[in-house]
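Heads up, the thing below is written out as structure tokens.
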Amino acid sequence: MGAKLLVSSEGVVAGSIDGALDEQIADDALALLAEEQSRVQQYRLGSATLDVFIETFPPPQRLIIIGGVHVAIPLHHIAKLLGYHVTVVDARGILATPERFPLADSIMVEWPDDALAALHLDSGSSVVVLTHDPKFDYPALLAAIQSPARYVGAIGSKNTNSKRMEALREMGATDEQLSRIFAPVGLDVGAKSPSEIALAVMAEIVAQRYSRNGGHLKR
């Protein structure tokens, strides 16, 4: 058995491969974790070359939908088809029901910020805010952009989004955190119906997961 180094997603390190290389290996491991990749990396150690196999274990992909509105219904269907663990959150119990979301892994009738705190968002989490109501939108978005979530999107027009950004800034959000919000949400595919909007949203989430811009493959 060779030397081993264990690095958590928070950067906590246990074990050692070589004192002179551990920090660099840990940084590379975190970078590969973010890319959901595993591979052999080469390092210079004096006059020798050291091959290190970095194996990552990305967290399961989760989609948290804030707001049990019409778009959320096809969105949860598409997400499940793609293998996501889906949670639907809405403080309005009449909207957050198993009848409306039969494929959801979890339905939480709670205020969005309370639900997000309980869900412990990580780099495998995507949050889509569909409530279109400031009393739900603002706390949910603030909690999401202050977390390690990979993707944070919000429905609404450019004008709505501009007002939202100002409100979040007044609530303590930094410009860097605000820049994480994808709004208006979804790729520009000309979507009009709830199902088309859901498709555009899920396409953007997948593109963000793989660091793509969602452009055409045709050249």
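The values are calculated or read from the model by the stated rules, or taken from the named source; none is laboratory data. Everything numeric here is computed off the predicted structure, so don't read it as measured data. Quick reminder, even Gly has a Cβ in these numbers, built from the backbone with ideal geometry, and neighbours come from all protein chains shown. When the accessible area is computed, the model is the full protein with side chains, heavy atoms only, and any ligands, DNA or RNA have been set aside. Shrake-Rupley method; radii C 1.70, N 1.55, O 1.52, S 1.80 Å.
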Tally of residues being out of contact with any helix residue (DSSP H, G or I) (no Cβ under 7 Å at 6 or more places or on another chain), among the small types (Gly, Ala, Ser), over 18 Å from Ala198 (Cβ atoms) and part of a loop (DSSP other than H, G, I, E, B) across the stretch 92-128: 2
Residue tally, condition without any contact (Cβ under 8 Å) to a residue 60 or more places away in the chain and either part of a helix (DSSP H, G or I) or more than 28 Å from Leu33 (Cβ to Cβ) (or both), over the stretch 160-207: 29
Qualifying residue in the stretch 152-159 (condition: surrounded by 17 or more Cβ atoms within 10 Å (Cβ to Cβ) and in contact (Cβ under 8 Å) with a residue 60 or more places away in the chain): yes
Of all residues making up the stretch 1-24, the number that are touching an Asp or Glu at 6+ places or on another chain (Cβ under 8 Å), of a type outside the set (S, T, N, Q) and modelled with pLDDT of 90 or more: 2
Answer from Ile64, Ile78 - the residue that is open to solvent by less than 20 Å² (accessible area, probe 1.4 Å) and either closer than 27 Å to Ala207 by Cβ or touching a helix residue (DSSP H, G or I) at 6+ places or on another chain (Cβ under 8 Å) (or both): Ile64
Residue within the stretch 195-205 that is of a type in the set (S, T, N, Q), over 15 Å from the mean Cα position of the chain (by Cα), modelled with pLDDT of 95 or more and open to solvent by 40 Å² or more (accessible area, probe 1.4 Å) present: yes
Residue check for Ala167: of a type in the set (A, V, I, L, M, F, W, C), in contact with a helix residue (DSSP H, G or I) (Cβ under 6 Å, 6 or more places away or on another chain) and at negative phi: yes
Within the stretch 35-58, considering residues that are open to solvent by 60 Å² or more (accessible area, probe 1.4 Å) and assigned to a strand (DSSP E or B), the one farthest from Gly19 (Cα to Cα): Arg39
